[in-house]
Each structure stands twice: as structure tokens, then as C-alpha cells.
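Heads up: the structure comes next, in C-alpha cells.
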Ligand code: PEP
Ligand code: MN
């Protein structure tokens with residue numbers, strides 16, 4: 001339920017409501033809006049104490065939250081969440097573009113890609129150090145060495161680093177280097193991982209599971225939000241269907257559908273969503289037209305030599321052209337595709353960790 005405080009409710013009255021909610025064994029999420037404060041009370045048996053809360057001092061009304069997801073819903077927080085890390089801003093009018101290789105393969109490949117995507121206007125660098133591969137015989141990623149390379153790329157370019165964390169036990173190490181954690185499609189329903197990532201407090205990209213409904217995606221986001229981590233970005237990356245002309249089917253209607261129900265920013269990954277480099281530019285532009293708050297795009301200096309996902313990776317020239325196309329669409333739909341100057345700096349604490357300067 002949502003406890004809507006009266007306009008001008010005092011800090012003591014709000015605190016009293018929070019304490020009452022907690023006494024009932026529910027979790028209180030106060031949301032301080034420009035007009036009013038609301039306290040979302042979530043947990044089991046959440047409507048039982050409705051009447052008692054309605055008569056607390058300073059309370060205007062108590063309303064049930066109809067959606068099964070609570071903290072993620074627009075009902076609870078009508079103001080859109082904007083996730084900002086250094087030049088990367090995702091949400092509201094800001095379109096964040098996160099680009100880079102599927103996997104960090106070596107120093108030169110990652111640095112060259114970071115420079116190229118930055119020059120083309122990307123505001124975040126992606127790269128997998130821990131790769132979730134279908135086959136155990138495929139390249140699994142450089143692990144901590146890959147994280148060090150990403151940190152070096154951040155040091156040079158200033159781009160915040162987005163990288164996947166595969167297991168709950170890896171969260172402290174990955175969070176030490178990354179600015180934004182990525183939860184991959186295969187892990188969307190790994191609830192221990194969601195809780196651990198939530199507790200890390202790091203901005204997080206949560207990718208839709210291959211066979212997950214959008215409601216399941218929002219409920220997965222709820223695990224992170226419930227750990228008091230509000231910096232969650234949802235990512236549509238395509239789902240499994242009977243169709244096989246593309247690697248996955250990329251349902252772009254999920255963008256406006258999600259934006260009607262959640263305040264969380266929604267980005268689209270047209271690389272995994274199509275599995276073909278030639279289809280990426282059009283689907284990236286379509287995602288922007290559909291209202292996406294950002295894009296996640298795979299870019300490689302030489303896609304044909306990539307150790308993973310080369311067939312869906314753009315080369316530098318293709319990426320620059322895609323950015324130009326998306327910029328024009330962004331302008332037409334009232335979005336800004338520029339580096340943000342007000343965000344918090346990407347963490348630099350670990351970017352000084354020595355990294356091999358030669359190709360590995
Ligand atoms: C990736 O971004 O490289 C990745 C593995 O994505 P997904 O989890 O969507 O397959
Ligand atoms: Mn990939």
C-alpha cells in the first residue's frame with residue numbers, strides 16, 4: 001500500500017509512519033516528491049494495517065498498490081528515475097549509449113574500442129570480463145584481468161564501465177572495478193544475485209530473461225530496489241520465440257509498455273536482440289523512436305576476429321553511422337544524446353591498478 005502524506009506533513013509525522021510500517025513487519029520506502037511525500041509499505045499482509053495507518057498524524061490517505069511489483073511501479077513514484085554515472089545519463093530526456101565489445105579480449109582491443117565509441121558519442125563503455133557462454137568450451141572471459149583492462153579504459157577515456165556479474169560471490173570483486181553492474185539474461189531470476197547486487201548499491205542494468213515476461217522482469221527489479229538500491233535500468237534484449245530469422249525476437253513494444261508502468265529507465269540491446277550486425281542500426285533507431293532511454297550496443301575493432309558475438313558486433317564506422325542515425329531520431333522524439341556533466345564521477349579508486357599494456 002501507499003501512505004500518502006498530507007501536503008506540509010512534518011519530518012516527525014513521516015518518521016512516525018515509517019516506524020509504524022516497520023512495526024507491522026513491512027518495509028518502508030519513503031519517496032520525497034516535489035509536491036508530497038509518500039511512503040510505500042511493501043511485504044506480505046501489506047493491507048492488513050491499512051486502517052491503523054490511515055489515522056496516523058499527517059496522513060492524507062492510504063491506497064493499495066494494484067500492480068504485483070510495488071517499488072518499481074509508477075503508482076508509487078510518478079517521477080521518472082534517472083540513473084547518472086559521470087557522462088552517462090539514462091532516463092527522462094537523456095539517452096545513454098553504452099557501447100563496447102561483447103568480451104574484453106585484450107588491452108589494445110578494449111582501449112581502441114573505448115576511444116572509438118567515445119569519439120562517436122557513446123557515454124558508457126561495455127565489456128564482459130565474466131562471460132556467460134552456452135558452451136563451457138567457449139571463451140569464458142579474462143575475469144579480473146579483464147576488469148583491470150576496463151578500469152584502464154575508464155582512466156583514459158572517462159567513460160563509466162558496465163560489466164556483467166555472473167555470480168553472487170563475484171559481486172564484491174566486480175563492484176570494485178565496475179561503475180555499473182550488468183545482470184545478464186540468463187541470471188534475471190537468480191534471486192540471490194539480485195539481492196547481492198542490490199546490497200552493493202551499484203547502478204545496475206537488469207536484462208530481460210530469454211523467456212521471462214515483463215511482469216517477471218519488474219518483479220526481478222523489485223529484489224534490487226528492495227535492497228535500497230534505486231539505480232536500476234531495465235534492458236530489453238530480445239526473447240526466444242519460434243521465429244529463427246534473428247537470434248532472438250526483439251519486441252520493441254515492451255519499451256512503451258514498461259514506461260507506462262514503471263519509473264525505471266528502459267534501454268534496448270539491439271545486438272543480442274537481432275544477432276546480426278546488419279540489423280542493428282535500424283533496430284537501434286527504432287528503439288529510440290519507441291521511447292527507449294538508452295542503447296547497449298556491441299562494437300569490435302574487427303568483428304570477424306571477435307572471440308564472442310562477432311556476427312552481431314558493429315565495427316567503428318558502422319557504430320559511428322548508427323549513432324548519427326539515432327541522434328536524428330532522438331532529436332525528433334525530444335531526447336538528448338549528449339554526455340552529461342552533472343553526474344557523479346565514475347569511480348577511479350581502482351583505475352590505478354596496474355594493467356598489462358600489451359595485448360594478452
Ligand atoms: C552480453 O551483454 O554480452 C550478454 C551476454 O547479454 P545477454 O545476457 O542479454 O545474453
Ligand atoms: Mn554478447
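Among the residues making up region 274-298, those that are crowded, with 24+ Cβ neighbours inside 10 Å and within 11 Å of ligand 2 (Cβ to nearest atom) are 296, 297, 298.
Scanning region 299-318 for residues that are at negative phi, within 15 Å of ligand 2 (Cβ to nearest atom) and touching a helix residue (DSSP H, G or I) at 6+ places or on another chain (Cβ under 8 Å) yields 299, 300, 303, 310, 311, 312, 313, 314.
Considering every residue within region 162-174, establish whether at least one is without any contact (Cβ under 8 Å) to a residue 40 or more places away in the chain, crowded, with 20+ Cβ neighbours inside 10 Å and part of a loop (DSSP other than H, G, I, E, B). Looking for residues that are without any contact (Cβ under 8 Å) to a residue 40 or more places away in the chain, crowded, with 20+ Cβ neighbours inside 10 Å and part of a loop (DSSP other than H, G, I, E, B), one finds at least one in region 162-174, hence yes. May I ask you to verify whether residue 98 is surrounded by fewer than 23 Cβ atoms within 10 Å (Cβ to Cβ) and at negative phi? The answer is no for residue 98. Within region 100-137, the set of residues being closer than 14 Å to residue 323 by Cβ, out of contact with any helix residue (DSSP H, G or I) (no Cβ under 8 Å at 6 or more places or on another chain) and more than 15 Å from ligand 1 (Cβ to nearest atom) comprises just one member, 123.
The lone criterion from (1) loosely packed, with under 14 Cβ neighbours inside 10 Å; (2) at pLDDT below 95; (3) farther than 22 Å from residue 215 by Cβ left unmet by residue 38 is number (1).
Residue-wise test of (1) assigned to a helix (DSSP H, G or I); (2) closer than 16 Å to residue 296 by Cβ; (3) touching a residue at least 12 places away in the same chain (Cβ under 8 Å); (4) more than 18 Å from the chain's Cα centre (by Cα).
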site	(1), (2), (3), (4)
122	no, yes, yes, no
125	no, yes, yes, no
130	no, no, yes, no
134	no, no, no, yes
138	no, no, yes, yes
151	yes, no, yes, yes
155	yes, no, yes, yes
159	no, yes, yes, no
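Listed conditions (1) closer than 21 Å to residue 225 by Cα; (2) part of a helix (DSSP H, G or I) are all met by residue 28, apart from (2). The residues of region 175-193 that are assigned to a helix (DSSP H, G or I) and within 14 Å of ligand 1 (Cβ to nearest atom), listed by number, are 185, 186, 187, 193.
Evaluating residue 338 against the criteria (1) closer than 23 Å to residue 85 by Cβ; (2) surrounded by fewer than 19 Cβ atoms within 10 Å (Cβ to Cβ); (3) modelled with pLDDT of 95 or more leaves one unmet condition, (3). The condition (being crowded, with 21+ Cβ neighbours inside 10 Å, within 16 Å of residue 83 (Cβ to Cβ) and within 16 Å of ligand 2 (Cβ to nearest atom)) is satisfied by just one residue among 232, 268, 197: 268.
As a summary of the residue check, residue 76 satisfies the conditions (1) within 21 Å of residue 152 (Cα to Cα); (2) crowded, with 18+ Cβ neighbours inside 10 Å; (3) more than 16 Å from ligand 2 (Cβ to nearest atom) except for the one numbered (1). Look at (1) within 16 Å of ligand 1 (Cβ to nearest atom); (2) free of Cβ contacts under 8 Å to residues at least 40 places away in the same chain and you find that residue 317 fails only one, number (1). Scanning region 292-302 for residues that are within 25 Å of residue 134 (Cα to Cα) and either in a loop (DSSP other than H, G, I, E, B) or more than 14 Å from ligand 1 (Cβ to nearest atom) (or both) turns up 300, 301, 302.
The values are calculated or read from the model by the stated rules, or taken from the named source; none is laboratory data. Since the model is a prediction, treat every value here as computed from it, not as a measurement. Using ideal geometry, Cβ is built from the backbone for each residue, glycine included, and neighbour counts are taken over all protein chains shown.
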